[in-house]
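Read through the structure below, which is laid out as structure tokens, and then see the notes.
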Amino acid sequence: MKYANSGDGPTFSVIDIGLDGKVAVLEADTGFWAIVDNSSIGEVLSGEVIEKFLEEEQTLKKEMDFFRFGLKPSAVYFNPTEKCNFNCPYCYIPESIRKYGESMAYDKMEEAIEKLLHYFRSHLPEGVKPQLIFHGSEPMISKDDIFRAIDKFEKDFHFGIQTNGSLLEEKDIKFLKEKGVGIGLSLDAHEEEIADSLRHSWSGKGSFRHILKVISLLSDYPAFNVITTVTNENVSLLPQMVDFYGDHGVRMVMFNPVRCTQEGGKKRKPDDEVMARFFCEALDRTQEVRIKKGVKITVVNFANVLAGILGPTTRRLMCDISPCGGGRCFFAVSARGDVFPCSEFIGFPKFSGGNLFTDSIENILKSEPFSAVTGRKVEDIAPCNRCAIRHFCGAPCPAEVNSLGGTLLAPSPYCKFYEEQVRYGFRVIARGEELNYLWDGWSEETEESYNFY
């Protein structure tokens with residue numbers, strides 16, 4: 001008989017998940033886990049669970065290794081302009097770029113997209129469309145050129161747009177819906193004064209009321225979500241934001257902790273434990289809204305962590321894995337054609353791997369800046385290298401970490417927050433409630449390989 005934690009047996013950690021009578025036992029390298037009664041830990045660490053793990057260990061390791069190191073990019077964040085009509089105080093793109101930057105002319109945009117299409121077709125299976133997300137600064141500054149590009153390449157890409165929404169008009173929304181373009185809006189509070197203080201124009205004017213009109217026009221559109229950037233100014237409002245979104249037809253949201261890549265973000269970082277507290281209260285509130293109002297609201301960044309626990313390779317967002325998705329599953333193109341592992345690195349020129357108009361994408365992906373990001377592993381970071389949940393977290397975000405400490409090999413400033421997300425996820429699983437938090441259709445994307453009960 002093999003035993004855990006002795007001899008040549010596997011190493012299992014026991015995790016307190018904050019649920020009376022239950023703990024999680026976990027093998028960190030593969031993400032293999034079981035939730036068990038406290039009283040049966042000894043049996044689990046020497047019985048059927050260990051035997052089953054040993055049977056599946058090599059398959060699980062191979063799957064995890066491919067997911068971490070074997071994927072090629074299938075998406076690009078395309079920044080058609082460096083300019084933004086907003087001056088949000090926490091933005092990760094430097095103010096000088098947003099205020100005085102360049103925009104890409106349509107002929108260059110078409111050339112860039114043609115080159116991207118050629119690259120994606122060279123390695124994606126036939127019939128699989130890559131994703132192209134128009135990103136910012138504020139992409140709708142170039143909306144006429146963007147819409148022209150969507151018309152030309154709609155059969156070649158799945159398109160998306162991430163926007164502050166202030167420049168969206170009804171005719172624009174009609175066009176985007178007809179083309180099936182994914183639309184992400186940004187909104188940071190359910191009260192006008194707070195929302196407009198966090199997201200506003202260079203003159204200080206917000207667009208809260210306009211965003212409400214945009215949300216009403218999109219509330220029946222399935223490819224629509226809202227991102228709330230969480231700062232120390234709005235973190236306590238997250239539970240109320242759930243109620244607000246439920247009442248306004250928003251069904252997919254992200255509560256993203258502000259990135260500390262620039263000084264504005266650093267000043268507005270919420271305390272780690274405070275972030276965890278109100279984020280978990282917001283998750284609780286989604287279930288109250290579901291039960292009382294019959295409205296399901298999916299907090300996508302939590303759902304992604306939950307999916308990563310249930311089936312590590314089913315997650316959709318690639319921040320919560322090591323190496324992260326930057327330069328590995330996607331990359332970003334600036335308005336000048338410079339290519340970065342992720343949009344978060346725009347503003348840090350040393351992380352450009354080359355230029356789309358002068359260098360091959362293949363060589364850019366092999367460049368030193370890209371290799372530094374794609375080679376960033378939790379195994380090389382303390383204390384992540386001894387953390388049992390390291391593959392459910394991934395110690396994001398490398399751009400943020402580098403900005404804070406001048407090195408990629410450091411833990412996340414939100415370590416406690418990510419830890420509590422995972423504990424919350426295990427509690428959800430222990431109660432058998434995971435489908436209430438996951439996106440619809442998740443179970444169709446997975447296959448259960450083992451059930452201990």
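The values are calculated or read from the model by the stated rules, or taken from the named source; none is laboratory data. Predicted model, so just to flag it, every value in this text is computed and none were measured. Here the Cβ positions follow ideal geometry from the backbone for every residue, glycine too, while neighbour counts run over all protein chains shown. The accessibility values were calculated without ligands, DNA or RNA, using every heavy atom of the protein model including side chains. Shrake-Rupley method; radii C 1.70, N 1.55, O 1.52, S 1.80 Å.
Between residue 6 and residue 194, the simple label model (points 7 Å from Cα in the Cβ direction) yields a spacing of 5.4 nm. Share of carbon and sulfur in the accessible area of the stretch 60-216 stands at 49%, probe radius 1.4 Å.
With contacts taken as Cα pairs under 8 Å at a separation of at least 6 residues, the stretch 289-426 carries a relative contact order of 24 percent. Counting only protein heavy atoms and using a 1.4 Å probe, what share of the accessible area of the stretch 381-425 belongs to carbon plus sulfur, as a whole percent? The computed percentage sits at 55. Rg and Dmax of the stretch 48-154, both derived from C-alpha coordinates alone, stand at 20.4, 63 Å.
Per-residue counts of other Cβ atoms within 10 Å, averaged by peptide: what ranking do you get for 52-59, 143-150, highest first?
143-150, 52-59
A Förster distance of 30 Å, applied to the separation of the beta-carbon atoms of residue 43 and residue 316, puts the FRET efficiency at 0.25. Net length available on complete extension from residue 436 to residue 350 is 26.7 nm, with 0.36 nm assigned per residue and the Cα-Cα distance removed.
Would you mind getting the accessible area per residue of the stretch 318-361, heavy atoms of the protein chains only, 1.4 Å probe, in Å²?
26 Å²
One decimal place: the segment residue 271-residue 153 gains 38.1 nm when fully extended, by the rule 0.36 nm per residue minus the C-alpha distance. The residues of the stretch 76-218 present an accessible area of 45 Å² per residue when probed at 1.4 Å with all protein chains retained.
Once you order the gyration tensor axes a ≥ b ≥ c over the Cα atoms, which shape class does the stretch 1-82 get: rounded for a/c under 1.5, otherwise prolate or oblate by comparing a/b with b/c? Note, shape of the stretch 1-82 comes out oblate. Annotation: the antiparallel percentage among DSSP beta bridges lying fully within the chain is about 40.
When the solvent-accessible area of the stretch 289-366 is split by element, carbon and sulfur atoms take up 55 percent of it, the probe being 1.4 Å.
Rolling a 1.4 Å probe over the heavy atoms of the protein chains gives the stretch 6-58 an accessible area of 46 Å² per residue. Here is the P(r) of the chain: all C-alpha pair distances, binned every 20 Å from 0, give 24, 58, 17, 1 in whole percents.
With the whole protein complex present, residue 74 retains an accessible surface near 50 Å², based on a 1.4 Å probe.
With q set to 0.16, 0.31, 0.32 Å⁻¹, the log10 of I(q)/I(0) for the stretch 139-190, from the Debye formula over equal scatterers at the Cα positions, is -0.45, -1.47, -1.53. Can you give the accessible area of residue 122, probe radius 1.4 Å, in Å² rounded to 10? Counting only protein heavy atoms, residue 122 exposes about 80 Å² to solvent. Bridging of residue 152 to aspartates and glutamates at a Cα separation below 19 Å is possible for 107, 110, 111, 114, 144, 172, 178, once same-chain residues fewer than 8 apart are set aside. Once you reduce the stretch 165-225 and the stretch 260-284 to the center of their Cα atoms, the two points are 23 Å from each other.
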